[in-house]
1. Before we move on, is Leu59 within 16 Å of ligand 2 (Cβ to nearest atom), within 22 Å of Ile100 (Cα to Cα), touching a strand residue (DSSP E or B) at 6+ places or on another chain (Cβ under 9 Å) and not in a helix (DSSP H, G or I)?
2. Just give me the residues in the range 2-42 being in a strand (DSSP E or B) and either touching a helix residue (DSSP H, G or I) at 6+ places or on another chain (Cβ under 6 Å) or not aromatic (Phe, Trp, Tyr) (or both), in sequence order.
3. Looking at Lys2, is it within 14 Å of ligand 2 (Cβ to nearest atom) and touching a residue at least 12 places away in the same chain (Cβ under 8 Å)?
4. Check Ala96, Ala71 and return the single one that is away from ligand 2 (no atom under 16 Å from the Cβ) and crowded, with 20+ Cβ neighbours inside 10 Å.
5. Please find, among Asp62, Asp78, the residue that is over 16 Å from the mean Cα position of the chain (by Cα), acidic (Asp, Glu) and either farther than 24 Å from Ile147 by Cβ or surrounded by fewer than 19 Cβ atoms within 10 Å (Cβ to Cβ) (or both).
6. Is one or more of the residues making up the range 155-170 charged (D, E, K, R), more than 15 Å from ligand 2 (Cβ to nearest atom), free of Cβ contacts under 8 Å to residues at least 40 places away in the same chain and in a loop (DSSP other than H, G, I, E, B)?
7. Go through Thr16, Thr32 for me and flag whichever is near ligand 1 (Cβ under 9 Å from one of its atoms), of a type in the set (Val, Ile, Thr) and closer than 18 Å to Arg181 by Cβ.
Amino acid sequence: MKYYVLFGPPGAGKGTHAGALAQKYNLKHLSTGELLRAEIAAGSPLGIQARDLIAAGNLVPDEVVEGMIEAAFDSIKDVDGFLLDGFPRTLPQAEALDRITAARNSEVTGVISIMIPDEEVFRRIARRAEIEGRADDASQATIAHRIETYHAQTEPLIEYYRNAGKYHEVNGYPGTIEEVRERVLTMVESI
Ligand code: ATP
Ligand code: MG
């Protein structure tokens, strides 16, 4: 099984490019953000726990997302691997992913990082707010807080995966969606 990680700040285009990658390599796309939004929509206990944290631009507890990922690995069989989008987001999550994949006699295959500057994060999320109506996209302050959270908690993973020889970065800006998709596909081809 392959275990690819799509990495990048909020609004980098992880979800936008995941489809083409998943299709080309027969991977199951797992977005922790989408899984959490589904739990919220369903009104499950997990969704109720996550709702206010997400709306405030905070991360949900590591154990919650780790459990969701492990459950998905356990239940999904008919694919050549997984494309993780939005996970891991903290060092403990990255260490958990190493344990979870090792228990499956495997490891993270590669991390594809889509980089965009903070100003572009603001622009894109403000635009997305009008289209998707997500609570965590709604205010400037929440967006700013998510960017801070990214720098403080998620960015250290770059060094973690660089040290493991697994870090591969493409520019998510400037460029059209098609241009960025081509960069992502070319990068994965080279791994
Ligand atoms: P993108 O637009 O690139 O998909 P995003 O940051 O806008 O990224 P999601 O990945 O959908 O949005 O995540 C939305 C929210 O869900 C996060 O801000 C966080 O509160 C929660 N979340 C998602 N993944 C995790 C995770 N791995 N650990 C903790 N919280 C998470
Ligand atoms: Mg997403």
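1. When the stated conditions are applied, Leu59 does not pass them.
2. Residues satisfying the conditions are Lys2, Tyr3, Val5, Leu6, Leu27, Lys28, His29, Leu30, Ser31.
3. So Lys2 fails the test.
4. Ala96
5. Exactly one residue qualifies, and that residue is Asp78.
6. Yes: the range 155-170 contains one or more residues that are charged (D, E, K, R), more than 15 Å from ligand 2 (Cβ to nearest atom), free of Cβ contacts under 8 Å to residues at least 40 places away in the same chain and in a loop (DSSP other than H, G, I, E, B).
7. The unique qualifying residue is Thr16.
No value in this document is a laboratory result; all are computed from the given coordinates. Being a predicted model, the structure only gives us computed values, none of them experimental. Cβ coordinates were reconstructed from backbone atoms using ideal geometry, including for glycine residues, and neighbour counts include every protein chain displayed.
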